[in-house]
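Here is the structure we will look at.
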Amino acid sequence: MGVQISPSLLSADFARLADAAAAVPHADWLHVDVMDNHFVPNLTLGLPVVEAMLKATQIPLDCHLMIEDPDRWAPAYAEVGVGSVTFHVEAARAPIRLARELRSLGTRAGMALKPATPVDPYEDLLPELDMLLVMTVEPGFGGQKFLDVCLPKVRRARELIARHGLELWLQVDGGVSAETIERCAEAGADVFVAGSAVFGADDPDRMVEELRRLAESAGPSSNAGLTS
């Protein structure tokens, strides 16, 4: 039972992704941002690179799909063996059906909320999920400044998770660093995506451990963090 750190490969050297994975052996997950230049104004990598990464590392992949039509494309990531697949509720036509399909394929089903998307309208969907991702920057680019305005939504999400007695992971993504992770943990998050803070450090794996230490020291004892 504990905090999970998911370094984002968006901040790594795309020409050396296997080396980036090897540089963070104590990471719980590797966070892979899939962007299609439609849902967000950026284009990154897709299924072929994800398949290559699965062969290059034993660390499970946490794929965050910032794409249009995840109902069509998300299941393919589960089929190749990704450990966790997160779709955006703003893009999904049938989020419950999609979450159930991902789970049936053997992957963890995550649902992401952009900063302006409230969590309360989706309370009834929470039991269908394994993880809820609250974005703490506008999705699309790494290295953005953390949005403190999103912290009340993290707290509210934790309240809803507790109300339903769910073992649901609560992830934050965007601007997470040694300066901001404690606030996220205090608000109730237990899974933390960090990109430039990790891969911009002199020792990425040491930074993973430092982020874990900070989050563990700040998180309320009631948090339901689980190991992968």
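Residue check, Phe146 against (1) within 16 Å of Cys184 (Cα to Cα); (2) modelled with pLDDT of 95 or more, all met but one. Which one?
(2)
The rows are residues; the columns are (1) more than 16 Å from the chain's Cα centre (by Cα); (2) free of Cβ contacts under 8 Å to residues at least 12 places away in the same chain; (3) exposed (fewer than 15 other Cβ atoms within 10 Å of the Cβ).
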site	(1), (2), (3)
Arg100	yes, no, yes
Leu125	yes, no, no
Thr136	no, no, no
Leu166	yes, no, no
Gln171	no, no, no
Gly174	no, no, no
Ile181	no, no, no
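Among the candidates Val40, Val85, Val50, single out the residue that is touching a helix residue (DSSP H, G or I) at 6+ places or on another chain (Cβ under 8 Å) and either part of a helix (DSSP H, G or I) or more than 17 Å from Leu132 (Cα to Cα) (or both).
Val50
Run Arg158 past the list (1) closer than 15 Å to Ala112 by Cα; (2) in contact with a Lys or Arg (Cβ under 6 Å, 6 or more places away or on another chain) and report the number of the one that doesn't hold.
Of everything listed in (1) closer than 15 Å to Ala112 by Cα; (2) in contact with a Lys or Arg (Cβ under 6 Å, 6 or more places away or on another chain), Arg158 misses just condition (2).
If Pro75 satisfies every condition in (1) surrounded by 15 or more Cβ atoms within 10 Å (Cβ to Cβ); (2) closer than 29 Å to Pro152 by Cα but one, which is the exception?
Condition not satisfied by Pro75: (2).
Take the residues in segment 1-40 that are modelled with pLDDT of 95 or more and hydroxyl-bearing (Ser, Thr, Tyr); name whichever of them is nearest to the chain's Cα centre (by Cα).
The residue in question is Ser6.
The values are calculated or read from the model by the stated rules, or taken from the named source; none is laboratory data. Note that this is a predicted model, so its numbers are computed, not measured. Positions of Cβ are backbone-derived with ideal geometry, glycine not excepted, and every protein chain shown enters the neighbour counts.
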